[in-house]
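Nothing in this text is a laboratory measurement; each read-out follows from the coordinates by a stated rule. All figures in this text were calculated on a predicted structure; none of them were measured in a lab. Reconstructed Cβ throughout: ideal geometry from the backbone, glycine too, with neighbour counts over all protein chains shown.
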Amino acid sequence: MGDRGGAGGSRRRRTGSRPSSQGGGGPAAAEEEVRDVGPGGRAGAAPAPAPDKDKNGDSDVGSGHWDLRCHRLQDSLFSSDSGFSNYRGILNWCVVMLANVFAVAAFQVEKRLAVGALTEQAGLLLHVVNTILCFPAAVALLLESITPVGSVLALMAYTILFLKLFSYRDVNLWCRERRAKAKAKAAPAGKKANGGAAQRAVSYPDNLTYRDLYYFLCAPTLCYELNFPRSPRIRKRFLLRRLLEMLFLTQLQVGLIQQWMVPTIQNSMKPFKDMDYSRIIERLLKLAVPNHLIWLIFFYWFFHSCMNAVAELMQFGDREFYRDWWNSESVTYFWQNWNIPVHKWCLRHFYKPMLRRGSSKWVARTGVFFASAFFHEYLVSIPLHMFRLWAFTGMMAQIPLAWIVSRFFQGNYGNAAVWLTLIIGQPVAVLMYVHDYYVLNYEAPVAGA
Ligand SMILES: CC(C)(COP(=O)(O)OP(=O)(O)OC[C@H]1O[C@@H](n2cnc3c(N)ncnc32)[C@H](O)[C@@H]1OP(=O)(O)O)[C@@H](O)C(=O)NCCC(=O)NCCS
């Protein structure tokens, strides 16, 4: 998750002194605090005559290949006197482990709901309290040592977990409602329902096991189901091809970003600063090429290579991770087909429930895009520590854009219009964020130079 404080931490450990920034009062104070302890003596006893020491306090043994002294007077890292403060690895551990804590908490709530030990309202309240989106956001905002890339990865992991647990809760709730209805009906009907799912299918509440929960958490889907379709075996050659693609395309993406996209973005900063509109448009079009290429590679890498590799390993049968979005003749078709896991989640847990509650299609669609816009903004603004709403606006703009494209362009023209919005729209958003980030973080030093 990036490294900003590693070197400083290890340097402090070597010196064993409290750094002045920790409020220790500088090297003199540190020397005073860590006093030599003679053999069997207490701190404060007269120190033994010290041999020549280098600046790290080591004896002068550097030239020989034998180290006569391998111990040094120093505090343990957890002691406050050590002055050690680099706990970034522990933070990463927290990010990993706490994801489990949220999952286990949701599981325990569902277990209690299944046996009636909790009311539905109490269960809902506990699920809401288990608000996993606030925790990583707070960490990313408050912690200085976390890098934007590390932050994005952590927030993505938690967003995925949030969507999965939301689905887990919904499906278990639907199962309880069905069970209640089946109980209320005559006995034969209940028997028939069980009989229909007789074979080896899991039925509620037998699905409430850690094995089932963790299978779902690792599976390449956001929508929970009691009985996922499973593939019969792991195809080794298929898996190997996907893994090789993952490896190669990762390198390719990093290379293209570093060698093509970053220099193009850097070249765009001056025209932006000078508000030179013709140059801005030229730079925007220049950025559109690598940006689009990288996006296409990313699509294949993520939705085909990575998801199929995970699915193959887990024998997860449903491989519909994308549909033919490249044939989209409308913006609506694009959003229905490019990211199937998210689209399925939106339909099942947001759009259709809203329609069932009596919302109009327009309101429900706006609601989905609003939620999607929120998550896009969440994943960009928090890591960059700036709230500009470009991502939010970009997602919300999809609604009028969909209307305009469907109203004025059909067939191949519609398809070309969708491609154009993808090619131009994304670099606009990228440049907006990069420009603002640059102004916030780097403008002063550059102006000074
Ligand atoms: C908003 C969104 C969910 C709308 O989807 P859509 O497919 O255009 O919606 P439709 O109105 O065509 O209806 C879809 C489904 O709802 C069902 N439906 C329609 N009216 C219904 C009603 N009154 N009650 C219940 N279901 C209804 C339809 O039968 C259809 O079901 P099916 O999918 O099983 O065939 C979709 O555009 C979307 O996912 N947008 C956000 C995507 C996104 O943000 N992705 C982020 C990727 S990074």
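Taking the average, over residues, of other Cβ atoms within 10 Å as the packing measure, peptides 122-131, 226-235 rank 122-131, 226-235 from highest down. How much net charge surrounds residue 226 when only the other residues with a Cβ under 9 Å from the Cβ of residue 226 are counted, with Lys and Arg +1 and Asp and Glu -1? Neighbourhood net charge equals -3. The calculated pair-distance distribution of the stretch 71-187 uses every alpha carbon pair, bins of 5 angstrom beginning at 0, and gives 2, 9, 16, 16, 12, 11, 9, 7, 6, 4, 3, 2, 1, 1, 0, 0 percent. Taking θ as phi - 60° and the Karplus parameters 6.51, -1.76 and 1.60, the scalar couplings of the stretch 165-177 work out to 5, 4, 5, 4, 5, 4, 5, 5, 5, 4, 5, 5, 5 Hz in sequence order, x denoting glycine and proline.
Normalising the average separation of contacting C-alpha pairs (under 8 angstrom, six or more residues apart) by the number of residues puts the relative contact order of the stretch 229-313 at 52 percent. Structural descriptor for the stretch 322-448: relative contact order 29 percent, calculated from alpha carbon pairs under 8 angstrom and at least 6 residues apart.
Amide H contacts of residue 316: 231, each under 5 Å away and 5 or more positions distant or on a separate chain (H built 1.01 Å from N in the peptide plane; Pro and chain starts excluded).
Restricting the chymotrypsin sites (Phe, Trp or Tyr not before Pro) of the stretch 316-398 to loop positions (DSSP other than H, G, I, E, B) with no more than 13 neighbouring Cβ atoms within 10 Å leaves 387.
The 3J(HN,Hα) values that the Karplus relation (6.51, -1.76, 1.60; θ = phi - 60°) gives for the stretch 75-80 are, in residue order, 8, 5, 4, 6, 5, 5 Hz. Gly and Pro appear as x.
Pairs to check: 111/183; 164/185; 111/361. Give those whose C-alpha atoms are more than 25 Å from each other in this structure. Result: 164/185; 111/361 exceed 25 Å.
Classify the stretch 229-313 as rounded, prolate or oblate from the Cα gyration tensor: take a ≥ b ≥ c as the square roots of its eigenvalues, call it rounded if a/c is under 1.5, otherwise prolate when a/b beats b/c and oblate if not. Verdict is prolate for the stretch 229-313. Annotation: average projected area of the stretch 322-448 is 9.2 square nanometres, based on the convex hull of Cα atoms across all directions.
In order along the stretch 119-130, the phi-based Karplus estimate (6.51 cos²θ - 1.76 cosθ + 1.60, θ = phi - 60°) of 3J(HN,Hα) comes to 7, 4, 5, 4, x, 4, 4, 5, 5, 5, 4, 6 Hz; Gly and Pro are listed as x.
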